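The values are calculated or read from the model by the stated rules, or taken from the named source; none is laboratory data. Model, not experiment: these values are computed from the prediction. Glycine also receives a Cβ, built like all others from the backbone with ideal geometry; neighbour counts cover every protein chain displayed. These area figures cover heavy atoms from the full protein model, side chains too; ligands, DNA and RNA do not enter into them. Shrake-Rupley method; radii C 1.70, N 1.55, O 1.52, S 1.80 Å.
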Amino acid sequence: MVMQTLRELLTAKLKLIPGIEEHQLPQHPGFTFFEYNGKGIGHFDTDFEFDLKLKKINIAAEGLEHPRDSTNHPNRHRTKPHWIVFPFNSKKEVNNIVRLVKVAIGQA
């Protein structure tokens, strides 16, 4: 039996959310992004980082902070945009990202 990676687990869980679609950019192998009703909602920056479009009000309400050690977005902690990177190294963190995606699309 082959174990699912956390990235595969997160992808599978996101695809179960009504309205979410997975896409890959052919010109960038491995770049996977997700749309909700045709609009970008999130993507993988690495196999262990998910970048989510989340309203600033939700970021504040959840007490979230932009990570200072993000691989692809190391300066976001200064600019504080509505895209926020979530590192994940456990199933619990994967489940939290799924919950936050639902918050982002108004299904939570």
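A few comments on the model shown:
- The set of residues in region 90-108 being over 14 Å from LYS56 (Cβ atoms), modelled with pLDDT of 95 or more and not β-branched (Val, Ile, Thr) consists of SER90, LYS91, LYS92, GLU93, ASN95, ASN96, ARG99, LYS102.
- Restricting attention to region 49-70, the residues that are open to solvent by less than 60 Å² (accessible area, probe 1.4 Å) and acidic (Asp, Glu) total 2.
- Which listed residue is modelled with pLDDT of 90 or more and among the polar types (S, T, N, Q), from ASN58, ASN72: ASN58
- Test: residue in region 33-48 that is under 12 Å from the mean Cα position of the chain (by Cα) and open to solvent by 70 Å² or more (accessible area, probe 1.4 Å): yes
- Cβ-Cβ under 9 Å pairs, at least 6 apart or on other chains, region 2-26 side acidic (Asp, Glu), far side in a loop (DSSP other than H, G, I, E, B): GLU21/ASN37; GLU21/GLY38
- Residue list for region 1-54, filter: of a type in the set (Asp, Glu) and either at pLDDT 95 or above or in a loop (DSSP other than H, G, I, E, B) (or both): GLU8, GLU21, GLU22, GLU35, ASP47
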